[in-house]
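This report concerns only the one structure given below.
The values are calculated or read from the model by the stated rules, or taken from the named source; none is laboratory data. Computed from a predicted model, the values in this text were never measured in an experiment. Positions of Cβ are generated from backbone atoms using ideal geometry, with glycine treated the same way; all protein chains shown enter the neighbour counts. For accessibility, only protein heavy atoms count, side chains too; no ligands or nucleic acids. Shrake-Rupley method; radii C 1.70, N 1.55, O 1.52, S 1.80 Å.
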Amino acid sequence: MRRVGLLGGTFDPIHFGHLRSAVEVREQLQLDELRLIPSARPPHRDQPGASADARLRMVELAVGQQGDLQVDDRELRRERPSYTVETLETLRAELGTEVALFMVLGWDAFCGLPGWHRWEDLLQLANLVVLQRPDYDLEVPEVLKDLLAARSASQPERSHGQIICLSQTPLAISATHIRALVAAGASPRFLLPDAVLDYIDNEGLYRPSTED
Ligand code: ATP
């Protein structure tokens, strides 16, 4: 069965925490492809700092030409807020039922899952892959403890419905920290790819607005 991994995020900006996780998940689960899916107007988060076009461009620059990671811009082509469950439905409609889908989430995102639109339908459509995230010492909600007890698996065997917890190289990097560094005039170099940093510099992203 073909295996497709999906890593959604605001990528505001994309950094090595995302990219290293993507590479390691791809290898550990022997995925045929791993798609990075920038989100348009995240329903459950503050509005991002860079435009959708800029965030997409940074993801493309980060991934480069190598072809081991793909970029899927379907959520940016939509007019409405992009609920993950709807994204998975469009992917299922396109790829069919004979493909195993793996939705990758950091621990912080996983702990927030009960706030997501139709979150209980997600496992009908995909497996969940949960990654540890240093510096996010969040308590898992009771409802997710039950879900973990019922659905955890060590090996991916099904097209959907399993939860797989993976450990990867811990990288305590966040987009929030990178935005704060740039806003303070400090360098975020070596937390994200040089091509992305050059883009941020050239476009003047994340600097304090001079109009205020
Ligand atoms: P922000 O700081 O703006 O909230 P972020 O760094 O958390 O951004 P997102 O684009 O929100 O980045 O993250 C997309 C996905 O990647 C989420 O599931 C998140 O948990 C995961 N993720 C982000 N950074 C890391 C990291 N350093 N290690 C593991 N997972 C990560």
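Here are a few things to note about the model shown:
- Over all directions, the projected convex hull of the C-alpha atoms in the chain averages 12.2 nm² in area.
- Rounded percent of accessible protein surface that carbon and sulfur make up, the chain, 1.4 Å probe: 46 percent
- Taking 7 Å steps out from each Cα toward its Cβ at residue 145 and residue 89 produces label points 3.3 nm apart.
- Average accessible surface area per residue within segment 3-202, 1.4 Å rolling probe, Å²: 48 Å²
- Note on residue 189 and residue 74: their simple-model spin labels are 3.9 nm apart, each label 7 Å out from Cα toward Cβ.
- Over the residues of the chain, the helix contribution to mean residue ellipticity at 222 nm works out to -10000 deg cm²/dmol, using -39500 (n - 2.57) for each DSSP H run of at least 4.
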